[in-house]
Amino acid sequence: MGRSRYAELLTHYPVPILAVILVVVCSCTLLSVLVAKPPDFSDPLQGFIPRYTDIHSSYRAWHSLVENTAISSGSRDLLTFYPLDEKATAGTWNTTTSTVNELYQRFRRSSSVDASNESDSDITSYGTTTPDFYAPFTGRVLSPKEQFFCDSKPRGGYAQLAFSISEDIYKMNFDTFTQLCQLQADVESSEYYKPVCQFDCMCRSFSLVNYVAYLSNRSSCFDVIQPDMTSTLQLLQYCYTFYETIPFDCWYGGGMFHSRRCNVSDRCANEAIFELYHYIISTDKPITLTFIHMAQGKPTYSLYTELRNVISKSRNKNVHLMALNFGLKEHEFELSLTSDICWISLALVVVVLIIWIYTESVFITFMTCTSMAFTVILSYTLYQFVFHIEYFLFSIYWQLLW
């Protein structure tokens, strides 16, 4: 009975019904375009964030914790990543700004005392081939390692290259060392490297060969001779025992070991040794990382493409480039979405053809596609103004079209 009335209504009043549908759809379209906040397509990974789940709650809690406890946030209740000694932890744990400043000053005092004590002993002075200069923004004298690398340590924001070696790092021959040095020079000599590198491309990369040059008092890895490489690798093998067994409370910010307190050999009480283990070399695989002075991001895509297509395919005898981390994962995802639009378009065409073949009517096929478009517009309006859900499932198609 209901179906017959619906059919009679459509038969006798087709124009008013179509007019009402068009008015509703046009109103929803104008409301969504003019009033609602336009969807943000800058981050396509938002479509893969788990919403209204325990994982999402934990992620939001951690993100808020990091934001509200950062030094730049202005909060006075800061978290400290520096371990306190027994006297400091005997009472109430204090995480105020004064505690952080006190720990920082104590670290500076301990570092200066260690440096003054070690200057009187028979310890190798690393990085003496580099002249002293002052940091332009702080006025302080940089340490020899900072002068050599233009920074205190490798940072996660730098572009990273992973090289695979065909032999054990501690038993590496000089030919392999030379190949590593040459591959690094090939990267830095690329025409796409100079426009994106920092410090006018005058700084050395954080790499195994450059650390060996620094510990051997050489200005470049090409100046390193075989005895220098052998002695440095033997030193790394000797110091690995201390790095593997040292307690957590024996280190300070930047990997500076307190050698006398923790029974660490003075030969190993050098942050360059710590950084080699912590950032550059793998302890169980013949892989070494290189941090180049270049911020990750879209501007590095040309260099990334060249390295991936050219250098990674030209394998040397003992060394080859196996991985790159230029912070381009999201950019690669966007490019993949754009390239996949042809398959989505092909799928839509196939669906329309199937409907047309099945119904044998162009009018029914057209009205079916139009009704699907009207349904998406109406759903988007309900999401925005009724359910107040910011994320809309079909927003990804708008990104592909734009």
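With a/c under 1.5 counting as rounded, go ahead and sort region 140-225 into rounded, prolate or oblate using the C-alpha gyration tensor (a ≥ b ≥ c being the square roots of the eigenvalues; past the cut-off, prolate if a/b is larger than b/c, else oblate). Oblate shape, in that a/c is at least 1.5 and b/c is the bigger or equal ratio. Residue by residue, region 13-23 carries 3J(HN,Hα) couplings of 10, x, 5, x, 5, 5, 5, 5, 5, 5, 5 Hz when phi is fed to the Karplus relation 6.51 cos²θ - 1.76 cosθ + 1.60 (θ = phi - 60°); x denotes Gly or Pro. Residue by residue, region 153-162 carries 3J(HN,Hα) couplings of 6, x, 10, x, x, 7, 5, 10, 10, 10 Hz when phi is fed to the Karplus relation 6.51 cos²θ - 1.76 cosθ + 1.60 (θ = phi - 60°); x denotes Gly or Pro. Packing, as the average of other Cβ atoms within 10 Å across residues, places the peptides 335-341, 319-325 in the order 319-325, 335-341, highest first.
Computed from backbone phi, the HN-Hα couplings of region 267-277 come to 5, 9, 7, 9, 5, 5, 5, 4, 5, 4, 5 Hz, rounded to whole numbers (Karplus: 6.51 cos²θ - 1.76 cosθ + 1.60, θ = phi - 60°; Gly and Pro given as x). Each Lys or Arg adds one and each Asp or Glu takes one away; over the other residues whose Cβ falls under 14 Å from the Cβ of Ala61, this sums to -1. Please compare each pair in Lys145/Lys329; Lys171/Lys317; Lys194/Lys298; Lys153/Lys329 to a cut-off of 21 Å on the Cα-Cα distance and tell me which ones are over it. Correct reply: Lys145/Lys329; Lys153/Lys329. Determine the distance separating the Cα centre of region 260-309 from the Cα centre of region 326-369; give it in Å without decimals. Here the two parts' Cα centres lie 45 Å apart.
Taken together, the values in this text are just the output of simple stated rules run on the coordinates, not laboratory data. Because the structure is predicted, anything quoted here is derived from the model rather than measured. Counting neighbours? That spans all protein chains shown, and the Cβs are built from the backbone with ideal geometry, glycine included.
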